[in-house]
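Down below is the structure, laid out as structure tokens.
The values are calculated or read from the model by the stated rules, or taken from the named source; none is laboratory data. Only a predicted model underlies this, so the values are computations on that prediction, with no experimental measurement involved. With ideal geometry, Cβ positions are generated from the backbone for all residues, glycine too; neighbour counts draw on all protein chains shown. The area values use the complete protein model at the heavy-atom level, side chains included, leaving out ligands, DNA and RNA. Shrake-Rupley method; radii C 1.70, N 1.55, O 1.52, S 1.80 Å.
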Amino acid sequence: MNTDAYELLATSVFLLDAQGHIEFANAAAEDLFGRSRKQLRGLPADRLYDDPASLQTSIEHAAAGIFADARQLSSLRRGQESVEVSVTTVALSGQPWPVLIETREIEQRTVADRGQRLVEEIESQRELLRNLAHEVKNPLGGLRGAAQLLEAELPSAALAEYTQVIISEADRLQVLVDRLSGPKRQPLDAKPVNIHEICERVCALIQAEFRERVALQRDYDASAPDLQGDAARLMQAVLNVARNAAQELVLQKEADGVPPPQIVLRTRVARQVVLAHRRHRLALVLSIIDNGPGVPEHIRERIFHPLVTARPGGTGLGLSLAQDFVRQHGGLIEFESRPRHTEFRLILPMEQIH
């Protein structure tokens, strides 16, 4: 197989033989590891990282076809500095090389730190919104009651049209206020949860709501074990993210070169994942991928904040609530977006929730 496609990638790629030795390294790998591909060729790939035992296990499992891909955090030495990296080990089928390793350098401000800051910002905003909702709720009820009393005293039934506008708008605002109050922090009803059963229920709801306008694809890791979680809250989190993607897809205009709307639900097991400053040996990664236009640049930094939306008529609460539910499980939702590929990843630790 031609390796030209790998040369175009901005991330480091190794192609390994069955013993885990490097047979090919692209230009990005030369830059990241500070060695020429001639120097890299033939080296055991795991020896280039600070956690060789864990990576060697991933390479052996990939070569044996035990899993499709696995992601873990590691580090490597580059001169006198230690570089934090994300390493993805991929099993290749029908190619001369059984294993591919992709390495991405993690920014100095790590994903875990970004996630923690995001949670703190959202919680601070949620507290303000809860206080605002509390202040609005009582006068809103009084406004609705006054409109009902006024309607009963009107001399003409035709005038009731105006009081009905007041009542219907008060009801609409009441629903918004209830949502702004946020989910009640009841303890999680943590039980063994099959994430694929949740995915299938979400798919059924999306299909019922959007019919043939959005195609759904599944890419499940059948070996993923059950996780401990609250099925109802996880269900709502997955549904919020998937429905948000579907709503964006149906809004895009049909044109030449625009692919048919599609959402992919993909599950994988990741190793050595850091969430909320804790390293977890195993985590479940549920990716919800759509081929829409992508998240607008001006809201990317605030997309999980309450009331932030780019969709006409949107409340901006769906993704915020989804992030909250996942955080209650000790996890995190992260995303990356470009035109025709937006991926939201729900990362959930596999350990028992206390």
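Distances between every pair of Cα atoms in the stretch 201-354, grouped in 5 Å steps from 0 to the bin holding the largest one, split as 2, 9, 18, 22, 21, 15, 8, 4, 1, 0, 0 percent.
Spin-label model, ARG311/LEU9: points 7 Å from Cα along the beta carbon direction are separated by 3.2 nm. When LYS191, LYS137 are compared by accessible area of protein heavy atoms, the largest-first order is LYS191, LYS137, using a 1.4 Å probe. Taking all protein chains together, ARG35, ARG271 sort by accessible area into ARG35, ARG271, largest first [probe 1.4 Å]. Taking only alpha carbon atoms, the stretch 12-104 gives an Rg to Rh ratio of 0.93, where Rh is the Kirkwood radius. The modelled label-to-label distance for the pair ALA208/GLU351, using points 7 Å beyond Cα in the direction of Cβ, is 3.8 nm. Ordered by solvent-accessible area of protein heavy atoms (1.4 Å probe), largest first, the residues TYR49, TYR162, TYR220, TYR6 come out as TYR162, TYR220, TYR6, TYR49.
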